[in-house]
Amino acid sequence: MGTEVLSLRIDGELLARLRDHASKRGMSVQDYVVRTLIRDDFDERFQTAVEETEKFYGVT
């Protein structure tokens, strides 16, 4: 399996929150985000977030 680059543009407030969470764990923001993405429950949590967002905007 190869690797690819993912570039994100995020809000400054969200980046500050990510930095805070990462620093509490002694990690870089990049490592913190990757660790979060590979958690076993990420897919389930992501799907729930998508469904809640769709409900909020009346998509579903």
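The values are calculated or read from the model by the stated rules, or taken from the named source; none is laboratory data. The structure displayed is predicted, hence computed values, not measured ones. We place every Cβ from the backbone using ideal geometry, glycine too, and count neighbours over all the protein chains shown.
Points worth noting:
- Among the residues making up the stretch 34-48, a single one is among the aliphatic types (A, V, I, L, M) and surrounded by fewer than 10 Cβ atoms within 10 Å (Cβ to Cβ): 38.
- Of the helices (runs of 4 or more DSSP H) lying entirely inside the chain, those containing at least 3 residues that are at pLDDT 90 or above and among the polar types (S, T, N, Q) are 42-57.
- Qualifying residue in the stretch 50-59 (condition: of a type in the set (A, V, I, L, M) and touching a Ser or Thr at 6+ places or on another chain (Cβ under 9 Å)): yes
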